[in-house]
Amino acid sequence: MFQTFGPEDFLSSRCIWVNGPVIVGAGPSGLAVGAGLKNQGVPFIILERANCIASLWQKKTYNRLKLHLPKKFCQLPNFPFPEDFPEYPTKFQFISYLESYAKHFDINPHFNETVQSAKYDETFGLWRVKTISTGGPNAIGVEYICRWLVVATGENAEKVAPEFEGLQDFGGHVTHACDYKSGQSYSGERVLVVGCGNSGMEVSLDLCNHNANPSMVVRSSVHVLPREVFGKSTFELAVSMMKWLPLWLVDKIMLILAHLILGNTEKYGLKRPCMGPLELKNTAGKTPVLDIGALDKIRSGEIKIVPGIKKFSRGRVELVNGQTLEVDSVILATGYRSNVPSWLKDDELFSEEGIPKKPFPNGWKGKSGVYAVGFTRRGLSGASSDAICVAHDIAKCWKEETKHKKTSMDPRHRRCISHF
Ligand SMILES: Cc1cc2nc3c(=O)[nH]c(=O)nc-3n(C[C@H](O)[C@H](O)[C@H](O)COP(=O)(O)OP(=O)(O)OC[C@H]3O[C@@H](n4cnc5c(N)ncnc54)[C@H](O)[C@@H]3O)c2cc1C
Ligand SMILES: NC(=O)C1=CN([C@@H]2O[C@H](COP(=O)(O)OP(=O)(O)OC[C@H]3O[C@@H](n4cnc5c(N)ncnc54)[C@H](OP(=O)(O)O)[C@@H]3O)[C@@H](O)[C@H]2O)C=CC1
Ligand SMILES: O=C(O)C(=O)Cc1c[nH]c2ccccc12
């Protein structure tokens with residue numbers, strides 16, 4: 001059962017009433033909702049565990065990263081990219097755009113505040129959001145009370161680092177792709193890159209460009225598509241075709257084009273999944289690789305493809321086919337996961353994996369004033385689409401309830417101390 005709370009809880013010095021929604025996360029999704037609310041005159045606060053906006057982009061990505069979808073699919077609502085941005089902006093350009101976005105809409109998140117729990121109190125019809133400060137020497141807890149809660153913590157909130165037998169005895173440097181900046185410090189090393197998603201492919205490519213020797217683990221299968229087909233973005237082409245053709249047919253066409261342009265990638269050890277690339281993205285959330293040069297390095301043998309890992313030992317890895325490799329370092333490009341189940345007390349909107357149960361475009365709204373933004377498995381364009389719906393819906397309710405409150409003084413509003 002939900003724990004209830006009385007007036008004494010609201011009166012505690014760490015309890016803050018928010019007149020409007022609390023948004024959790026100051027990434028592109030949280031900023032886009034904030035911008036939409038600003039435009040409609042709705043007050044809100046954003047709570048962010050890091051000390052900056054867009055921490056995924058600022059702190060957990062490598063230097064050579066560029067957006068791999070054309071810019072028109074990556075800009076947030078109501079504020080276009082600068083005209084001089086290239087078709088595929090660099091991560092530094094994207095971060096600078098997000099900084100301008102926050103400035104333009106005058107969005108000022110509360111930094112270094114990690115949300116530890118959020119619970120709905122049915123008696124009062126309010127959300128109770130507890131945070132812990134992460135910046136200073138002392139951990140200070142604050143509790144926010146609000147009518148609406150926007151979950152914008154992302155599909156990539158925590159790294160996935162699987163356990164491997166013997167890894168503790170390996171002795172070399174082991175890191176996750178989220179801590180990899182460049183291949184410079186790996187020059188001359190034999191590096192095992194575990195995972196062949198976009199991170200594994202691009203880290204392997206970057207390692208080659210810094211004279212390291214990567215071996216990339218492909219334990220199952222992967223769809224590799226060219227980033228462009230005859231000079232036009234593959235993604236854009238797929239989006240255009242989806243307007244007229246069923247998904248399975250677009251997938252078939254994608255695979256024929258990929259075969260024409262890239263050849264048979266299976267002969268390099270890159271087995272293709274049975275399901276088509278878009279269907280797999282939609283059903284399992286597995287993003288196809290959009291190739292920006294790794295495939296050439298695989299063809300030339302500069303990136304070696306190896307099968308799954310059996311176990312590690314000192315300076316070595318044993319693979320499932322019995323082969324043993326000597327390696328100096330390991331980079332886990334094994335992906336990310338949502339952290340929503342660790343803090344949101346909800347069994348309606350989100351699944352156990354921390355993504356909305358209802359598929360796109362119906363996963364943005366829950367009961368009791370909870371919303372999800374940026375969990376559509378559709379990257380930045382999905383985040384924008386959610387953000388527009390959420391900001392509009394909250395503004396509508398906020399205006400109605402604020403008007404109503406002025407006349408009726410709902411008891412739940414009277415019980416709280418307003419700090420805003
Ligand atoms: C390497 C990489 C490249 C990508 N490239 C593209 C691309 O080119 N195009 C595209 O469309 N998509 C891309 N994506 C997908 C990416 O998820 C989106 O671009 C975008 O960052 C999603 O925004 P978001 O705000 O939903 O999540 P995030 O950017 O992850 O932001 C969530 C924020 O919530 C904060 N947070 C998490 N938990 C808490 C908590 N408990 N309390 C307080 N704050 C919390 C985090 O610190 C973070 O700042 C890429 C992803 C990765 C990992
Ligand atoms: N330029 C860009 O825009 C970039 C975008 N991204 C995006 O970021 C998101 C995350 O991508 P990414 O970090 O690549 O994560 P992904 O989840 O896409 O890929 C994880 C990879 O790790 C493998 N893996 C997981 N566990 C193990 C294990 N125990 N042993 C061996 N292999 C394992 C998976 O294999 P299996 O399939 O068998 O489970 C898969 O190949 C994606 O949406 C991606 O598109 C990432 C980098 C660059
Ligand atoms: O790069 C990512 O993580 C994305 O989610 C972008 C994206 C959304 N839909 C896609 C379909 C194919 C390739 C990339 C994406």
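Applying the condition of being more than 12 Å from Ile298 (Cα to Cα) and either modelled with pLDDT under 95 or under 23 Å from the mean Cα position of the chain (by Cα) (or both) to region 203-216 and asking which residue is farthest from ligand 2 (Cβ to nearest atom) yields Asp206. Taking the criterion of being of a type in the set (A, V, I, L, M, F, W, C) and under 23 Å from the mean Cα position of the chain (by Cα), the residues of region 86-127 that qualify are Phe92, Phe94, Ile95, Leu98, Ala102, Phe105, Ile107, Phe111, Val115, Ala118. Within 12 Å of ligand 1 (Cβ to nearest atom), part of a loop (DSSP other than H, G, I, E, B) and buried (at least 20 other Cβ atoms within 10 Å of the Cβ) - does that describe any residue in region 170-190? Taking every residue of region 170-190 in turn, at least one turns out to be within 12 Å of ligand 1 (Cβ to nearest atom), part of a loop (DSSP other than H, G, I, E, B) and buried (at least 20 other Cβ atoms within 10 Å of the Cβ). If the condition is being modelled with pLDDT under 95 and either more than 26 Å from Ser117 (Cα to Cα) or within 16 Å of ligand 1 (Cβ to nearest atom) (or both), then region 309-356 contributes only Asp346. Inside region 179-202, residues that are touching a residue at least 12 places away in the same chain (Cβ under 8 Å) and either more than 17 Å from Thr287 (Cα to Cα) or more than 15 Å from ligand 2 (Cβ to nearest atom) (or both) make up a count of 14. Restricting attention to region 164-186, the residues that are more than 23 Å from Asp291 (Cα to Cα) and of a type in the set (Gly, Ala, Ser) total 4. If I filter region 357-368 for residues that are at pLDDT 95 or above, under 17 Å from the mean Cα position of the chain (by Cα) and within 16 Å of ligand 1 (Cβ to nearest atom), do I get at least one hit? Yes, the conditions are met somewhere in region 357-368. Of all residues in region 292-301, none are within 24 Å of Leu67 (Cβ to Cβ), in contact (Cβ under 8 Å) with a residue 60 or more places away in the chain, within 16 Å of ligand 1 (Cβ to nearest atom) and charged (D, E, K, R).
Quick check on region 54-64. Is at least one of its residues in a loop (DSSP other than H, G, I, E, B), without any contact (Cβ under 8 Å) to a residue 60 or more places away in the chain and either away from ligand 3 (no atom under 14 Å from the Cβ) or more than 21 Å from the chain's Cα centre (by Cα) (or both)?
yes
Applying the criterion of at least 1 residues that are within 13 Å of ligand 3 (Cβ to nearest atom) and buried (at least 16 other Cβ atoms within 10 Å of the Cβ) to the helices (runs of 4 or more DSSP H) found wholly in region 232-329 leaves 234-242, 247-262, 277-284.
Is at least one residue of region 171-191 more than 20 Å from the chain's Cα centre (by Cα), of a type outside the set (Val, Ile, Thr) and on the phi > 0 side of the Ramachandran plot? Yes, because at least one residue in region 171-191 is more than 20 Å from the chain's Cα centre (by Cα), of a type outside the set (Val, Ile, Thr) and on the phi > 0 side of the Ramachandran plot. Restricting attention to region 1-50, the residues that are of a type in the set (Ser, Thr, Tyr) and either at pLDDT 95 or above or assigned to a helix (DSSP H, G or I) (or both) total 1. Quick one: would you say Ser384 is on the phi < 0 side of the Ramachandran plot, within 15 Å of ligand 3 (Cβ to nearest atom) and modelled with pLDDT of 95 or more? Here the answer is yes, as Ser384 does meet what is asked. Cβ-Cβ distances below 9 Å connect the following pairs, each with a first residue in region 86-113 that is under 23 Å from Ser133 (Cβ atoms), a second residue that is assigned to a loop (DSSP other than H, G, I, E, B) and of a type in the set (Asp, Glu), and a separation of six or more residues or different chains: Pro109/Glu48; His110/Glu48; Phe111/Glu48; Asn112/Glu48; Glu113/Glu48. Scanning region 107-135 for residues that are part of a loop (DSSP other than H, G, I, E, B), away from ligand 1 (no atom under 14 Å from the Cβ) and of a type in the set (A, V, I, L, M, F, W, C) turns up just one, Phe124.
Scanning region 376-390 for residues that are of a type outside the set (Gly, Ala, Ser) and within 11 Å of ligand 2 (Cβ to nearest atom) returns Arg377, Arg378, Leu380. Restricting Asn211, Asn138 to residues that are more than 16 Å from ligand 3 (Cβ to nearest atom), touching a residue at least 24 places away in the same chain (Cβ under 8 Å) and assigned to a loop (DSSP other than H, G, I, E, B) narrows the list to Asn211.
The values are calculated or read from the model by the stated rules, or taken from the named source; none is laboratory data. None of these values were measured; they are calculated from a predicted model. Backbone-built Cβ (ideal geometry, glycine too); neighbour counts: all protein chains shown.
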